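The values are calculated or read from the model by the stated rules, or taken from the named source; none is laboratory data. All of these numbers come straight from a predicted model, not from anything done at the bench. Reconstructed Cβ throughout: ideal geometry from the backbone, glycine too, with neighbour counts over all protein chains shown.
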Amino acid sequence: MLEVKEIDVFYGDLQVLWDVTFEVRRREIVVLIGANGAGKSTTIRTISSLLNPRRGTILFQGERLDLLPPHGIIERGVVHVPEGRRLFSEMSVEENLVMGSLYGEAKTKRRDTLRHVYELFPRLLERRKQMAGTLSGGEQQMLAIGRGLMSLPHLMMFDEPSLGLAPILVQEIFGMIRRINGEGVTILLVEQNVHQTLAMCDRAYALENGRIVLSGTGEELSANEHVREAYLGI
């Protein structure tokens, strides 16, 4: 479904990704693990066309994403739920959700999708007229996910969805990601909560210093001695 092939990415003259290659198959949950600064968020930003690779290609269902502008990525059904939520804080919950349905089929099906998002997140329905900036951290993350769902994604990319959340809310957010995947949406997840993400994913890749150094099933990486020492503290 998604094929990232040998991409090199730079910030100015500084290279941050080297020869990164991986794939995400339809209906999988795939996780990118790695320390801060390893290149995980940069990888997702490049897939979203917020950054351009100097070398390599990114294919989604056979089409070159690296040749498209960011709105073209969304129109193809590839949605990025960014680190830090990036909500419109002075707009209401519902206005933020509507901002996720500005293109194509998502716009024509907005009413039905909005109903579905409110079914998934009843708290958003209760607060639909409330300003997004006044929500709790967990509610803001729900809103960011809901806004992504409004685009009718085939692939959702999550960047650190548990960041700054209480443990009970982390469980709720991960449970929702599993539910979204169960409804047929493919998931690419960047997350530092390595223990939990390896337990829920189909496959995982480890990024270190801008390079893919390990890959395998979640179970295989959980049993890998380097992963256990570097990321699981075992």
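From the residues in segment 176-213 that are in contact with a helix residue (DSSP H, G or I) (Cβ under 7 Å, 6 or more places away or on another chain) and small (Gly, Ala, Ser), which one is nearest to Val117 (Cα to Cα)?
Ala199
Residue-wise test of (1) surrounded by 22 or more Cβ atoms within 10 Å (Cβ to Cβ); (2) in a strand (DSSP E or B).
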site	(1), (2)
Pro153	yes, no
Pro161	yes, no
Val170	no, no
Arg178	no, no
Ala199	no, no
Tyr205	yes, yes
Glu220	no, no
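Could you please let me know if Glu208 is modelled with pLDDT under 95, among the charged types (D, E, K, R) and either more than 30 Å from Glu6 (Cβ to Cβ) or under 12 Å from the mean Cα position of the chain (by Cα) (or both)?
no
If the requirement is being closer than 16 Å to Val213 by Cβ, surrounded by fewer than 20 Cβ atoms within 10 Å (Cβ to Cβ) and modelled with pLDDT of 95 or more, which of these qualifies: Thr21, Thr57?
Testing whether each residue is closer than 16 Å to Val213 by Cβ, surrounded by fewer than 20 Cβ atoms within 10 Å (Cβ to Cβ) and modelled with pLDDT of 95 or more leaves just Thr21.
Could you grab me the full set of residues in segment 114-144 that are among the polar types (S, T, N, Q) and either modelled with pLDDT of 95 or more or within 18 Å of Arg178 (Cα to Cα) (or both)?
Gln141
From the list Val227, Val185, Val213, exactly one residue is β-branched (Val, Ile, Thr) and surrounded by fewer than 16 Cβ atoms within 10 Å (Cβ to Cβ). Which is it?
Checking each option against the conditions leaves just Val213.
What are the residues in segment 122-138 that are crowded, with 21+ Cβ neighbours inside 10 Å and either free of Cβ contacts under 8 Å to residues at least 40 places away in the same chain or part of a helix (DSSP H, G or I) (or both), if any?
Correct list: Leu124, Ala132.
Give me the strands (runs of 3 or more DSSP E) completely within segment 1-103, filtered to those with at least 3 residues that are out of contact with any helix residue (DSSP H, G or I) (no Cβ under 8 Å at 6 or more places or on another chain), ordered by residue number.
2-11, 14-24, 55-60
Find the residue count for segment 140-176, including only residues that are touching a residue at least 24 places away in the same chain (Cβ under 8 Å), more than 17 Å from Ile73 (Cα to Cα) and assigned by TED's automatic domain parsing to the domain that holds Leu188.
Qualifying residue count for the region: 13.
What single numbered condition from (1) touching a strand residue (DSSP E or B) at 6+ places or on another chain (Cβ under 7 Å); (2) free of Cβ contacts under 8 Å to residues at least 24 places away in the same chain; (3) surrounded by 14 or more Cβ atoms within 10 Å (Cβ to Cβ); (4) not β-branched (Val, Ile, Thr) fails to hold for Pro82?
The number of the failed condition is (2).
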